[in-house]
Every structure is written in structure tokens, then in C-alpha cells.
Ligand SMILES: *Cc1c(COP(=O)(O)O)cnc(C)c1O
């Protein structure tokens, strides 16, 4: 047997990968692994894989508007290096509060006295329970002890918070009287309603409404989760709200019905950055803000700036400026026109009817009519490796790119990617 050639040095192999643009220590790691595996040739592919693993913008052609793996709602953010008045009051020149910007605007947009922003809705629920119900009972329906994706289980969050769960009713039916008798047991700090975001119980069912529970004299917290601000959707203009929103609980209506607090995500139907919002009665919001956990759960200035932009768009009633709402409500005819133009440019693909979904664990079973482009075969891998990765889905007849979740500004990149497939 001929002697095998000596493997390249780690350093030489790492330098040969320099075209990838990855920093040298990363390339050294890749080169070392490839040599140790006896396969220096694999280093090139490994470097490409590392590059694809970097956090980067992608084009969502899945038709899932709030795709949990793609960061839920699409948000814009760009800012040159700069300080901000995150905790500085420009009117007085004294120390300000990081709750004075986005949180106040969101409170105004949903008709709450006050609001507080934390890292996500799980954190919002944890903080509410920890601040308002530690070592006290919280009454929850057995039909609402939900698990939301990513390991958010209501009983476990409650345990972490130090609140004591008092379950009432049954899986399918819980009445006001069930809450009432549990509440009369004493030591009850809160009643809690949790939206069954990602599943439905149908058939022989009964639940107590917010208005009914609000009348029982104990503060009611409603975890609406999805972050629909107002069921009348004034930011979408004067027409009726989209039919697919029917039945979705909204912050403003729950507060109007007497909820003391609502909690919701910033990156679901609110259409903003990842965050959790606690909105409602000022004294309760203040108690949450004053709890030591609030410091640990607070978001950074980048998130607050992004949420502020979203909140201002709501207050201007400019849903078109919130990418989630612009996508969710685009007319099918406009999607058809775009799809035809992309297909004409690419010289490839067939325009088809599709069904998009809200996603993000909201509105299970609900679909939004949409338009897509189908190409033969499974081309998802090639599309994912584009300079601007495109995430598509596969059905029985080929690869489908749903235009409802693609921004119009991304059409040219989609056309170029399809053209390159041909
Ligand atoms: C999504 C959801 C949560 C968790 O929200 P995150 O922002 O992902 O932490 C909590 N409660 C309900 C009802 C939800 O729908």
C-alpha cells in the first residue's frame, strides 16, 4: 500500500477556508475536527454549515405567519451605535424609567391604565403570579391548565412562582360557581383564565366568561397569550375584522369586561419583538414592577425601541406599518399578481391556491386563503442554501412557496432563487 499523504496542518487547513469570512479561531476549530476525523476534505462543508447556523434574515415562504422556528412576527430593527434615553427623562434631566416608553404606549393602545414589558409571556405570567400570589392560592379551571410549545406548562410556572394552584371544574366544563366556591375558601389572591391557545375543546363544554369572573371580587388575570390588542382591529381601517380572528380573545375587550390584568406575547398577533406584556390596573402593574423578579425579566433597550415602533403604529392606526398585519391581510389578488410576476421572471413554477395559517400556537385549525408557487420535486434544501435563505414546504406534488408570508420586497430574491433552480 502506498503511504498515505500527510494530513495538512490545522493552521494551513484553517487558512485555506479563509474565503468563508469566518473568524480564524472558528476555522481552526473546524480544521482540527476535520483532521481528527481523518477527513480534511470535509472542512469546507463544515465551514459552510457553521455559516448557515449563524443567525441571519431568512425569507419565510412556509405560509405560517408566526413561525416559531423563524422568530414568530417579522420585525425591523436597525440603529447605528448610539446611547438612548432608556432610563433617562429628557424633560427633567433626571433618572427615568424603562417602563415609560413602549409600555405606556401599549397601555394606551389597549385601553389599560398601565403596562409593563418583560422578556416573554411566560415571564409575564411568572412575574404576575410571583408578585401578586406568592404563598397564596390562584384559582384556575382544569380545562385551562395548558402546555404552550417550548415547555410553558401552567402548573409548573405556577409552582416556580410560589403561587398555589387551586384547580376547579373539569377538563370540559367549568362554571362560575366552581370559581366562587373555591374563592370562598380564603387565601385566594387571584382568579386566572388562560387562553387555550393551541388546541380546542369542543362538544359538551362550558367555561366562565371574563365578565362573570370579574364580578366575584377577586382580581382576575387573563393570560390571552396571543396579543390581539382589540377585537375591532381599528388599525386595519374601517372594515370588519378579518373573519379568521373570530373568537380570539383581545386585550381591550378583556380589560373592558373587568379583567384586572391581561398578559400577552409581543411576537404573536401583536406583531412585534419577543416580549411579554402585563397590562391593566396600575396598582397591580406597579406591584409587578417593584418585585425583584422584574429586574431579572426586563428586556433591553433594543427590544423596547422595537416595541415602541410597533405600539406607535397601532396608535396611528397604521396596520400596514406592522409587517405581520400587512402580510396577514394582503388581498389574495395582490398575492396572485406578485406570484405571476415572480413566475414570469423566474421562467419556472406554477401559481396555485394555498392556505396560510396564523401559526405561533394561535388560532388552531384556522386558515387564511393564500397564493403560492409550486415547483416540481423537493427543492427545499437548495432554497435554504441561498445567500438569502428561503424556507419553503413540500407537498405531494412538489415544493410550495407561499407568498402570504413573503414580503413584497423579497419577491426579487424569490424569483432569482426559482430561476436558478431551472
Ligand atoms: C404563547 C403563550 C404563552 C407563552 O408566550 P411566550 O411569549 O412564548 O413566552 C403563554 N400563555 C399563552 C396563553 C400563550 O398563548
Notebook entry, point to check: What residue, among those in region 355-370 that are buried (at least 18 other Cβ atoms within 10 Å of the Cβ) and within 12 Å of the ligand (Cβ to nearest atom), is nearest to residue 403 (Cα to Cα)?
Noted result: 358
Notebook entry, point to check: For region 194-201, does any single residue satisfy the condition of being surrounded by fewer than 15 Cβ atoms within 10 Å (Cβ to Cβ), at negative phi, within 16 Å of the ligand (Cβ to nearest atom) and without any contact (Cβ under 8 Å) to a residue 60 or more places away in the chain?
Noted result: yes
Notebook entry, point to check: Within region 155-185, restricting attention to residues that are within 16 Å of the ligand (Cβ to nearest atom) and within 19 Å of residue 284 (Cβ to Cβ), which residue is surrounded by the most Cβ atoms within 10 Å (Cβ to Cβ)?
Noted result: 163
Check: Any chance region 335-353 includes a residue that's within 16 Å of the ligand (Cβ to nearest atom) and either touching a residue at least 24 places away in the same chain (Cβ under 8 Å) or within 16 Å of the chain's Cα centre (by Cα) (or both)?
Finding: no
Note to self: Going residue by residue through region 120-135, is there one that turns out to be more than 28 Å from residue 274 (Cα to Cα) and more than 13 Å from the ligand (Cβ to nearest atom)?
What the structure shows: yes
Next item on the list: Determine whether residue 117 is within 16 Å of the ligand (Cβ to nearest atom), surrounded by 14 or more Cβ atoms within 10 Å (Cβ to Cβ) and either in contact (Cβ under 8 Å) with a residue 60 or more places away in the chain or within 28 Å of residue 200 (Cα to Cα) (or both).
Entry: yes
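Yes/no per residue for (1) part of a helix (DSSP H, G or I); (2) touching a helix residue (DSSP H, G or I) at 6+ places or on another chain (Cβ under 6 Å); (3) modelled with pLDDT under 95; (4) under 22 Å from residue 143 (Cβ atoms):
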{"site": "211", "(1), (2), (3), (4)": "yes, no, no, yes"}
{"site": "222", "(1), (2), (3), (4)": "no, yes, no, yes"}
{"site": "230", "(1), (2), (3), (4)": "no, yes, no, no"}
{"site": "238", "(1), (2), (3), (4)": "no, no, yes, no"}
{"site": "248", "(1), (2), (3), (4)": "no, no, yes, yes"}
{"site": "268", "(1), (2), (3), (4)": "no, no, no, yes"}
{"site": "271", "(1), (2), (3), (4)": "no, yes, no, no"}
{"site": "274", "(1), (2), (3), (4)": "no, no, no, no"}
Next item on the list: Hey, could you check region 298-335 for residues that are part of a helix (DSSP H, G or I) and in contact with a strand residue (DSSP E or B) (Cβ under 7 Å, 6 or more places away or on another chain) and say which is surrounded by the fewest Cβ atoms within 10 Å (Cβ to Cβ)?
Entry: 332
Next item on the list: Could you please tell me which pairs satisfy a Cβ distance under 7 Å, a separation of 6+ or placement on different chains, a first residue in region 390-403 that is part of a loop (DSSP other than H, G, I, E, B), and a second residue that is modelled with pLDDT of 95 or more?
Entry: 392/61; 392/62; 392/380; 392/383; 392/399; 392/400; 392/401; 397/374
Next item on the list: State which residue is nearest to the chain's Cα centre (by Cα) when the search covers only region 140-151 and only residues that are buried (at least 19 other Cβ atoms within 10 Å of the Cβ) and more than 19 Å from residue 217 (Cβ to Cβ).
Entry: 148
Checklist line | Selection within region 60-71 - outside any loop (DSSP other than H, G, I, E, B), more than 12 Å from residue 357 (Cα to Cα) and either modelled with pLDDT under 95 or under 10 Å from the mean Cα position of the chain (by Cα) (or both) | finding: 68, 69, 70
Item checked: Qualifying residues in region 233-263 (those that are over 23 Å from residue 127 (Cβ atoms) and in contact with a strand residue (DSSP E or B) (Cβ under 8 Å, 6 or more places away or on another chain)) - the one farthest from the ligand (Cβ to nearest atom) -> 242
Next item on the list: Output yes when any residue across region 55-64 is surrounded by fewer than 22 Cβ atoms within 10 Å (Cβ to Cβ), under 30 Å from residue 12 (Cα atoms) and more than 15 Å from the ligand (Cβ to nearest atom), and no when none is.
Entry: yes
Checklist line | Filter pass, residue 188 being crowded, with 16+ Cβ neighbours inside 10 Å, away from the ligand (no atom under 15 Å from the Cβ) and modelled with pLDDT of 95 or more | finding: yes
Next item on the list: At least 1 residues that are within 20 Å of residue 289 (Cβ to Cβ) and in contact with a helix residue (DSSP H, G or I) (Cβ under 6 Å, 6 or more places away or on another chain) in each: list the helices (runs of 4 or more DSSP H) lying fully within region 114-185 that qualify.
Entry: 121-133, 154-161
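The values are calculated or read from the model by the stated rules, or taken from the named source; none is laboratory data. The shown structure was predicted, so the numbers you read here are calculated from the model rather than taken from an experiment. No Cβ is skipped: glycine too gets one built from the backbone with ideal geometry, and neighbour counts run over all protein chains shown.
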